[in-house]
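The values are calculated or read from the model by the stated rules, or taken from the named source; none is laboratory data. No experiment lies behind these values; they were computed from the predicted model shown. FYI the Cβ positions are ideal-geometry reconstructions off the backbone, even for glycines, and counts take in every protein chain you see.
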Amino acid sequence: MKFSRSAALLCVFAVAGGLATACGTEPSTPGPTLVADARDDYHPTVREATAGLAGHTVFRPAELDAFPDGSVPILAWANGGCRTSNISTTSFLTGIAAQGYIVIANGAPDEQPIDQLPDDTLARPDRLTEAIDWATDSDTGGAQLDGKVDTGKIGVMGTSCGGVEALLAAADPRVDSVAGLNTGFFPHRRFGFERAELAEIEVPTLLFNGGTEDQARQNSIDNFELLDVPTVLVAQETAGHNGLTYGLDAGDSSGPMLIAGYTMVTDWFDYTLHGNDEARAQFVGESCGLCTRPTWTVRTKNL
């Protein structure tokens, strides 16, 4: 059974702690707008606890037997606000997992969101590297994931303060690519870190901002200018700070922003982890796929 992009938005998850929940439905046939829209290989997904690793959740294709051993990339995810709940981004992470990725998100399956962050919130990149440790250890996550993890294709990603965590975790030598959404290091020390950390990043980096209503917009621009690695800066002027990952109408032909969001992120990792030329064309060149869409802009360097 294939899993369509629009169907991913209609899934309802039970979030009882430690219980795996499968999600699948009949495919619909939306018109393609990005590379991932044209795929016919959407997979039913499972959201489950990480056995032996507290405080994390796995989003993965339900039928891992359909994949060859050692073939599925892993992506570690950090939540907005450096929170330990991934419930608010369940649909976003499901959309990525449904396209053949294993996502390991910060936060246990039943961890509830909180509204107010402490003033002394610190970024915790160690939670992402712990997820990578777990997934690549054959006796723990490797066993739960049935030996399907491709340990040579590892990405990290996150939004807002979680994007800072992802940028920090990108310094881990096992990481091959990073996506920082609505994020960037501040010009002063914030979340326990500062912009000097950008010098530690040696892998392709995607930065995204949601336009003038996104409080991280200037940080994303400034961080883009400072990075010396292959870097893409994508902006969508109507997304604001949360639209990409929480799901808002983009106000253009792309349809719901949530779909555009997990499609863009998946295309980024298809490009940088799989070397997919069609995915690369979404970001590179004057007539790149994202460049031709209303309200979207793309800047690149060192590609």
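Taking each residue of the stretch 272-290 that is within 15 Å of Gly155 (Cβ to Cβ) and looking for partners that are assigned to a helix (DSSP H, G or I) and of a type outside the set (Asp, Glu) with beta-carbon atoms closer than 6 Å, six or more apart or interchain, yields Ala279/Val35; Ala279/Tyr271. When the stretch 206-234 is limited to residues that are charged (D, E, K, R) and surrounded by fewer than 24 Cβ atoms within 10 Å (Cβ to Cβ), the one that is modelled with the lowest pLDDT turns out to be Glu213. Screening Thr272, Thr238, Thr205, Thr300 for residues that are under 22 Å from Ala98 (Cβ atoms) and in contact with a Leu (Cβ under 9 Å, 6 or more places away or on another chain) leaves exactly one candidate, Thr272.
Inclusion of Val58 among residues that are in a strand (DSSP E or B) and in contact with a Lys or Arg (Cβ under 6 Å, 6 or more places away or on another chain) is not warranted. A search for C-beta distances below 7 Å between a residue of the stretch 52-69 that is surrounded by fewer than 23 Cβ atoms within 10 Å (Cβ to Cβ) and any residue that is of a type in the set (A, V, I, L, M, F, W, C) and modelled with pLDDT under 95, counting only pairs 6+ apart in sequence or on different chains, returns Ala62/Ala22.
Which one of Ser138, Ser85 is surrounded by fewer than 18 Cβ atoms within 10 Å (Cβ to Cβ) and either aromatic (Phe, Trp, Tyr) or not in a helix (DSSP H, G or I) (or both)? Only one candidate passes the filter, namely Ser138. Residues being buried (at least 21 other Cβ atoms within 10 Å of the Cβ) and within 30 Å of Gly70 (Cα to Cα) are represented in the stretch 235-248 by at least one member. Within the stretch 255-276, can one find any residue that is farther than 14 Å from Leu93 by Cα, modelled with pLDDT of 95 or more, surrounded by 21 or more Cβ atoms within 10 Å (Cβ to Cβ) and in contact with a Pro (Cβ under 7 Å, 6 or more places away or on another chain)? Among the residues of the stretch 255-276, at least one is farther than 14 Å from Leu93 by Cα, modelled with pLDDT of 95 or more, surrounded by 21 or more Cβ atoms within 10 Å (Cβ to Cβ) and in contact with a Pro (Cβ under 7 Å, 6 or more places away or on another chain), which makes the answer yes. Checking Gly210, Gly243 one by one, the residue that is touching a His at 6+ places or on another chain (Cβ under 7 Å) and free of Cβ contacts under 8 Å to residues at least 60 places away in the same chain is Gly210 and no other.
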